[in-house]
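> Before I ask anything, let me first share the structure, which is written out below as structure tokens.
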Amino acid sequence: MFHSLDQLISWEETTKKKRGVTHTPAEIARQPQVWRETSDVMQDLNGVIRELIDDQETIVLTGAGSSYFAGQCVEAALASVHKGIVKSISSTEIVMNPEGTLPRSPFTLVSFARSGNSPEGNAVFRLAQDLRPGLVKQIVVTCNDKGELARLARQSSGPSVLCVLPPSTNDAGLAMTSSFTSMVVAGFGLAYRRDASGYKAMVAALAKAAEKLLRTHGEILRSIAATSFSRIFFVGASPFFGVAQESHLKVQEMTDGQVIGKAEDTLGLRHGPMAAINENTLVVLFASTDTYRRRYETDLLKELSTKDLGCKRLVVCPDPESGWESLCHHVLDFGGDCDHLTDSVLSPVLVLPAQIIGLFKSLELGLMPDTPSRKRVISRVVEGVTIYPYPK
């Protein structure tokens, strides 16, 4: 039995290596601290970022896999203050259809990447330069100073800013944990580019909320991972859909696909996807702080409870509604110091349950969380992608 992250972190190094937990537990646990370090990096770059971004121009947020989901998590916070269009488009989509996805008017391309060695991410940087010369400005947010994307940003002939996050954000485990949340926190820095003190206060509040969730609910999440389920649904409407996407991927990756994950929109769940919730399904709802939205979330909880859907139902939010305890099995409340936190910045905290469930479920299944893919179906850096020249 595994009792806590702290227990895994305190194991002897030989035991950690044998069980495949040399990296992942520590990478999950250290997130509040690396968010603070990340905010320091972004504040140092604040001046050049302000100079680069034009308030009226389009901002495209891109990346592949978890890095794309990071862009989705940043989109709402950035759109709430930016006067131009803000949209997230995966680098995989841009590579397949560059002319149909890259704007034809001045824009800023923000690329998120843990390693900076993703074939599609690096191809998009080059495609934007080649197909939109004079129109594109680029911001690269990466955890790896030595990656190819960092090199491209340094050598770019066009306007660009390279944001290299602290080395502690560059996860060694297969599944992105602190790298994902730190890139999201860095992306929030773009939204707070004119409010340095507000950014610092927001990140401090995020870190405290995360510390509370890890301290208060870590054992509950471990016990949930020990129960029998083969499907997991993460439910949340924008701005939570990006973190629902990342959460389903986390559990699926760390369990080597033995647990199938799905991400669904709150109201969209009724329109077909609810049919896939059976007695072996864990349902996790990300609930809003907004009273209007909570009426819909409460209705959904009532319906799930009435129909007795899912082996367990969880709600994750700050300051939950009274009565929710009777509609689900666990309410993971991380509120208490959320004055600086709006829905649009909660995703780094909301993803923590998926990371912890994925970690302990991986161990429960006899896998090695640092390298859970037994047949190397997936790897830390995507392999096997050929990038073909794009005909101009």
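> Within region 79-96, can you find the residues that are open to solvent by less than 60 Å² (accessible area, probe 1.4 Å) and either among the aliphatic types (A, V, I, L, M) or free of Cβ contacts under 8 Å to residues at least 24 places away in the same chain (or both)?
ALA79, VAL86, ILE89, ILE94, VAL95
> Additional query: Being crowded, with 20+ Cβ neighbours inside 10 Å, outside any loop (DSSP other than H, G, I, E, B) and acidic (Asp, Glu): is that true of GLU99 here? I'd like the intermediate steps shown before the answer.
Values: crowded, with 20+ Cβ neighbours inside 10 Å: no; outside any loop (DSSP other than H, G, I, E, B): yes; acidic (Asp, Glu): yes.
So GLU99 fails the test.
> Checking the structure you have, find out if any residue of region 13-25 is part of a helix (DSSP H, G or I), buried (at least 23 other Cβ atoms within 10 Å of the Cβ) and in contact (Cβ under 8 Å) with a residue 24 or more places away in the chain.
Taking every residue of region 13-25 in turn, at least one turns out to be part of a helix (DSSP H, G or I), buried (at least 23 other Cβ atoms within 10 Å of the Cβ) and in contact (Cβ under 8 Å) with a residue 24 or more places away in the chain.
> Still on this model: Just checking, which of LEU309, LEU352, LEU332, LEU300 is without any contact (Cβ under 8 Å) to a residue 60 or more places away in the chain, touching a strand residue (DSSP E or B) at 6+ places or on another chain (Cβ under 9 Å) and not aromatic (Phe, Trp, Tyr)?
Criteria check complete, one pass: LEU309.
> On to the next question. So which strands (runs of 3 or more DSSP E) are wholly in region 103-183 and hold at least 3 residues that are open to solvent by 20 Å² or more (accessible area, probe 1.4 Å)?
By residue number, 160-164.
> In region 258-303, which residues are in contact with a helix residue (DSSP H, G or I) (Cβ under 7 Å, 6 or more places away or on another chain) and either surrounded by fewer than 18 Cβ atoms within 10 Å (Cβ to Cβ) or in a loop (DSSP other than H, G, I, E, B) (or both)?
VAL259, ILE260, ASP265, THR266, LEU267, ALA287, SER288, THR289, ASP290
> Also, I was wondering about something else. Take the conditions β-branched (Val, Ile, Thr) and touching a Lys or Arg at 6+ places or on another chain (Cβ under 9 Å) and apply them to VAL284. Does it pass?
So VAL284 fits the description; yes.
> Being surrounded by fewer than 21 Cβ atoms within 10 Å (Cβ to Cβ) and within 19 Å of SER230 (Cα to Cα) narrows it down to one of GLU364, GLU325, so name that one.
Values: GLU325 fails: within 19 Å of SER230 (Cα to Cα).
From the options GLU364, GLU325, the qualifying one is GLU364.
> Another question, if that's okay. Going by what's in this entry, would GLY384 be described as free of Cβ contacts under 8 Å to residues at least 24 places away in the same chain and out of contact with any His (no Cβ under 7 Å at 6 or more places or on another chain)? Spell out how you get there, then give the answer.
Details: free of Cβ contacts under 8 Å to residues at least 24 places away in the same chain: yes; out of contact with any His (no Cβ under 7 Å at 6 or more places or on another chain): yes.
It is true that GLY384 is free of Cβ contacts under 8 Å to residues at least 24 places away in the same chain and out of contact with any His (no Cβ under 7 Å at 6 or more places or on another chain).
> Closer than 21 Å to ALA244 by Cβ and touching an Asp or Glu at 6+ places or on another chain (Cβ under 8 Å): which single residue out of PRO318, PRO353 fits that description?
From the options PRO318, PRO353, the qualifying one is PRO318.
> Another question, then. Among the numbered conditions (1) touching a Phe, Trp or Tyr at 6+ places or on another chain (Cβ under 9 Å); (2) closer than 30 Å to GLY20 by Cβ; (3) surrounded by 22 or more Cβ atoms within 10 Å (Cβ to Cβ), tell me where THR255 comes up short.
It is condition (1) that THR255 fails.
> Let me ask something additional. For ASP339, indicate whether it is open to solvent by 80 Å² or more (accessible area, probe 1.4 Å) and in contact with a helix residue (DSSP H, G or I) (Cβ under 8 Å, 6 or more places away or on another chain).
yes
> Scanning region 50-78 for residues that are touching a strand residue (DSSP E or B) at 6+ places or on another chain (Cβ under 9 Å), closer than 23 Å to MET176 by Cβ and assigned to a loop (DSSP other than H, G, I, E, B), which turns out least open to solvent (accessible area, probe 1.4 Å)?
Ranking the qualifying residues of region 50-78, first place goes to GLY63.
> Quick check on region 193-221: of everything there that is in contact (Cβ under 8 Å) with a residue 40 or more places away in the chain and not in a helix (DSSP H, G or I), which residue is most open to solvent (accessible area, probe 1.4 Å)?
If we take residues in region 193-221 being in contact (Cβ under 8 Å) with a residue 40 or more places away in the chain and not in a helix (DSSP H, G or I), then ARG194 is most open to solvent (accessible area, probe 1.4 Å).
> Does VAL95 meet the test of being within 21 Å of SER66 (Cα to Cα) and touching a Cys at 6+ places or on another chain (Cβ under 7 Å)? Break it down stepwise before answering.
Numbers: within 21 Å of SER66 (Cα to Cα): yes; touching a Cys at 6+ places or on another chain (Cβ under 7 Å): no.
No.
> I'd like to know if region 224-241 contains one or more residues that are over 19 Å from the mean Cα position of the chain (by Cα) and in a helix (DSSP H, G or I).
Yes: region 224-241 contains one or more residues that are over 19 Å from the mean Cα position of the chain (by Cα) and in a helix (DSSP H, G or I).
> For the list (1) open to solvent by 30 Å² or more (accessible area, probe 1.4 Å); (2) among the aliphatic types (A, V, I, L, M); (3) out of contact with any Gly (no Cβ under 7 Å at 6 or more places or on another chain), I need the number of the one condition that LEU350 fails.
(1) is the only condition that LEU350 fails.
> Could we say that SER373 is surrounded by 14 or more Cβ atoms within 10 Å (Cβ to Cβ), among the polar types (S, T, N, Q) and modelled with pLDDT of 95 or more here? Steps first, answer last, please.
Values: surrounded by 14 or more Cβ atoms within 10 Å (Cβ to Cβ): yes; among the polar types (S, T, N, Q): yes; modelled with pLDDT of 95 or more: no.
Against the criterion (surrounded by 14 or more Cβ atoms within 10 Å (Cβ to Cβ), among the polar types (S, T, N, Q) and modelled with pLDDT of 95 or more), SER373 does not qualify.
The values are calculated or read from the model by the stated rules, or taken from the named source; none is laboratory data. Please read all numbers here as calculations on a predicted model, not as lab measurements. When we count neighbours, we look across all protein chains shown, and the Cβ atoms used for this are built from the backbone with ideal geometry, even at glycine. These accessible areas exclude ligands, DNA and RNA; they are computed on the full protein's heavy atoms, side chains included. Shrake-Rupley method; radii C 1.70, N 1.55, O 1.52, S 1.80 Å.
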